[in-house]
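Data block below; observations after.
The values are calculated or read from the model by the stated rules, or taken from the named source; none is laboratory data. Note that the coordinates shown come from a computational prediction; the quantities given were computed from them, not determined experimentally. Glycine also receives a Cβ, built like all others from the backbone with ideal geometry; neighbour counts cover every protein chain displayed.
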Amino acid sequence: MRNRKIRNQMILIILLVIAAVMAAFFLVHRISAIVQQKAQKDAEEAAQKQAEEEAADQARLEKIENEKNQWYLILVNNQNAMPDDFEIETVEVEDGYYIDERVNEALQEMLADCREAGYSPRLISTFRTRETQQYLYDHTANKADTALPGHSEHECGLAADIVDADSLGWGDPLIDKQEEMPAQKWLMEHCQDYGFILRYPKDKEDITEIIYEPWHYRYVGKEHAAIIMSNGLCLEEYLENMEDYYQAQ
Ligand SMILES: [Zn+2]
């Protein structure tokens, strides 16, 4: 009788142990399935995120390449001649000075607002023909003062040399002191709002190969002008490292 009771208890214990083992096994299996599912889901999400990021990067690089090919970002310097097929239509800004018609409105607006603010900006050089550039180059004492013929932004119709009217009596107003003139200070502070940059900044002569010119403004469009001016870059640096600066919309 007592043996039977013990045997029944033993069977019960064994059954309980088996049940516990099965439950534990089931639980472990279930947990591992959940963990596995979660890991798989995470991996899928990470892969999708990476694919989206790569697509966005790709789109951004394409946008940058596309921007670089636009007329307003054309790089013309000693190493890069103005392309033979670069097409421009010029219109008169004022006083017989001509500029690319796509830039005219921005330049007019900048000059008008500068005057509105109480200053006296004066155009002294805008669009130049190849012949004029050749003449200037031939007659300049220091070749670093003047771009090579075929390599001047003035020939592209995208640049304007602007001085303070009060400097016209200096003989040569194109000197560093121009930066101290009130109209020039205003232009240097506000040019990017109209899509212009100060093309040959101080301390960038090694890159631009042109002396500091606190009078030469080049049109690049508002978006690029804002980035270039706020980062203190010259156009060469910007175009070289555009991925670091340009966030395509
Ligand atoms: Zn100039």
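Of the residues making up the range 145-166, those that are small (Gly, Ala, Ser), farther than 27 Å from Glu87 by Cα and within 15 Å of the ligand (Cβ to nearest atom) number 0.
Considering every residue within the range 97-107, establish whether at least one is modelled with pLDDT of 95 or more, surrounded by fewer than 16 Cβ atoms within 10 Å (Cβ to Cβ) and either over 15 Å from the mean Cα position of the chain (by Cα) or of a type in the set (Gly, Ala, Ser) (or both). Looking through the range 97-107, at least one residue is modelled with pLDDT of 95 or more, surrounded by fewer than 16 Cβ atoms within 10 Å (Cβ to Cβ) and either over 15 Å from the mean Cα position of the chain (by Cα) or of a type in the set (Gly, Ala, Ser) (or both). Which one of the conditions (1) within 23 Å of the chain's Cα centre (by Cα); (2) exposed (fewer than 10 other Cβ atoms within 10 Å of the Cβ) does Asp57 fail to meet, given that it meets all the rest? In the conditions (1) within 23 Å of the chain's Cα centre (by Cα); (2) exposed (fewer than 10 other Cβ atoms within 10 Å of the Cβ), Asp57 misses (2) alone. Of all residues in the range 55-69, those that are under 24 Å from Cys156 (Cα atoms) and touching a residue at least 12 places away in the same chain (Cβ under 8 Å) total 4.
The residues of the range 110-142 that are modelled with pLDDT under 95, part of a loop (DSSP other than H, G, I, E, B) and within 13 Å of the ligand (Cβ to nearest atom), listed by number, are Arg128, Thr140. Looking across the range 194-212, the residues that are touching a residue at least 40 places away in the same chain (Cβ under 8 Å) and not β-branched (Val, Ile, Thr) come down to Tyr194, Gly195, Phe196, Arg199, Glu205, Glu209. Within the range 191-243, restricting attention to residues that are part of a loop (DSSP other than H, G, I, E, B) and within 17 Å of Glu105 (Cα to Cα), which residue is nearest to the ligand (Cβ to nearest atom)? Among those that are part of a loop (DSSP other than H, G, I, E, B) and within 17 Å of Glu105 (Cα to Cα), it is Val220. Scan the range 27-42 and tell me whether some residue there is on the phi < 0 side of the Ramachandran plot and under 38 Å from the mean Cα position of the chain (by Cα). Yes, some residue in the range 27-42 is on the phi < 0 side of the Ramachandran plot and under 38 Å from the mean Cα position of the chain (by Cα). Filtered by the rule that a residue be exposed (fewer than 15 other Cβ atoms within 10 Å of the Cβ) and either at positive phi or of a type in the set (Val, Ile, Thr) (or both), the range 212-249 gives a lone residue, Gly232.
β-branched (Val, Ile, Thr) and more than 15 Å from the ligand (Cβ to nearest atom) - does that describe any residue in the range 90-109? Yes, the range 90-109 contains at least one residue that is β-branched (Val, Ile, Thr) and more than 15 Å from the ligand (Cβ to nearest atom).
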